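Here the structure is laid out as structure tokens; the discussion comes afterwards.
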Amino acid sequence: PLKGRSKAMDLGITILVHRVDLFDSGHSEEDRPPPQHSVQGNLARLSQTVAPYSFEENAQPSTIVDAQKTKYVTSIRIPAQTHPSPVSQRVSQFPLLDTTVPNPYGQSVDKYWTQRRRLFSLFDNGIQLDEEGWFSVTPEQIADHVALRICELVVTNIPPPFPGAMPPPIVVLDAFCGCGGNAIAMAKQPNILVYAVDVDRSKLRKAAQNAAIYQIPPERLVLIECNVLFILESCFRNGIYTLDQPISSPEEATALMNSMPPPVPCEKCSGYTIGGIDMLPRGVDAVFMDPPWGGVDYEVFGKHGYDLKTNMKIKRPSNAATAKGDLGDDFFDSFATQPRSKKEKVSRFNCGLDETNCVNGAELLALAASATARRWVIFDVPRNTNQTVLGEAALAAGYRGNCKLEEHYLNGRLKTVTAYFGTDWSGLLAAAIAKCRMNGG
């Protein structure tokens, strides 16, 4: 499928869209609706266009523009993959959906309260969430699936030290930890060490308490209070910690000191350490990002209308003099009563943000890519994200060839979408083509 490429094609990127069907207790593959289009026809038409993965250091804007002019941001939908319910859920003595216990958190989280055991299977053991956490935490089965995908990156790309051994663990920076759903899922994996970042210490404490419920070893999870943009911009380059490196000029030193966050106290919470940037690792292999999307009304932009460049805004850190009393990255994710009309919702999206002091979603991807050693970035995006804009953001960050976009369906309903950057996924397409040919496609 890679023959016949032109030089222009190698400048572009193909998004391999992969539907993953997950099921929990009480559901089965029969709940999945029939496909609405022919996968075989799609593969036969587009299989010639996929270039192998590569990364272009210091990608030049002119190259990106040329790639866009060729319209070489394309997408191919490949056959779905189905995962049955985890054994732990099938044998659970408690139903995942429970309306028998009154919701103590207020009407705004009623439907999430009903599904609390879907968010955390061990919810009844004392899981803690704040109001934002109810809306933003990834359901456990999806979080576990994404963590397993990251683990597979390690197994398939990093050779073991000797035959039969496990590859060495990688360091993953969880850029927007919240109450810890994804951090816990990643730390369950034997070859992932997680450094989880959030600006809100109360969230980090909840993440620590939730990790303890899942018996995550404390040495596998470190919790850091800081604005992650400072970490991505100033602390790592190509996976290497840079704060202890020589500074090239007095101007650069002054700029760094002005942006340096204030020191934060170190504490132990449920056996886990919460501290500041002095606890950062000396290398980062991958970045996982589930950033704030601007509010609960992100779907107001339509089925494919969410634009990472214009709709996703992440607030930059304030300077050291004012940061202590500042609001968090996701302060604008307001879950209060929302305006009713579409026009009102659009006008109030990201309301109150100083856009001159923000990073958009495309810039966030570029920062994460430049901070990592392996260019592995796992990016949770809204399910109505415009794929062309996502591809353009990938090109601007330096990615070429292909990336994967997983659509996570839980019991037949699309719940989350995750983009995987930094490795070659064309093997998925090759396997799908072979399967279609076997089936006469």
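The values are calculated or read from the model by the stated rules, or taken from the named source; none is laboratory data. In this text the structure is predicted, and so the values were computed from the model without any measurement. Here the Cβ is made from the backbone with ideal geometry for all residues, glycine too, and neighbour counts use every protein chain on show. For accessibility, only protein heavy atoms count, side chains too; no ligands or nucleic acids. Shrake-Rupley method; radii C 1.70, N 1.55, O 1.52, S 1.80 Å.
Overview of values
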read-out: Net charge of neighbours whose Cβ lies under 9 Å from the Cβ of VAL197, counting Lys and Arg as +1 and Asp and Glu as -1; value: -3
read-out: Local electrostatic count at ARG282 - Lys and Arg +1, Asp and Glu -1, tallied over other residues with Cβ under 15 Å; value: -2
read-out: Built amide H within the under 5 Å cut-off of SER54, gap 5+; value: ARG400, GLY401, ASN402
read-out: Per-peptide average of other Cβ atoms within 10 Å, ordering 408-417, 385-394 highest first; value: 385-394, 408-417
read-out: Accessible area of the range 136-222 divided out per residue, in Å², using a probe of 1.4 angstrom; value: 34 Å²
read-out: Heavy-atom accessible area order for ARG205, ARG400, largest first, 1.4 Å probe; value: ARG205, ARG400
read-out: Unit charges at the beta carbon, dipole of the range 127-215: most positive-side option, CYS179, ALA143, VAL154; value: VAL154
read-out: Cβ-placed point charges (K, R +1; D, E -1), dipole of the range 91-232 about Cα centre in debye, nearest 20; value: 180 debye
read-out: Dipole moment magnitude, nearest 20 debye, the range 358-441 about Cα centre, only Lys, Arg, Asp, Glu C-beta charged; value: 300 debye
read-out: Of LYS309/LYS435; LYS188/LYS303; LYS315/LYS415, those spanning more than 31 Å from alpha-carbon to alpha-carbon; value: LYS309/LYS435; LYS188/LYS303
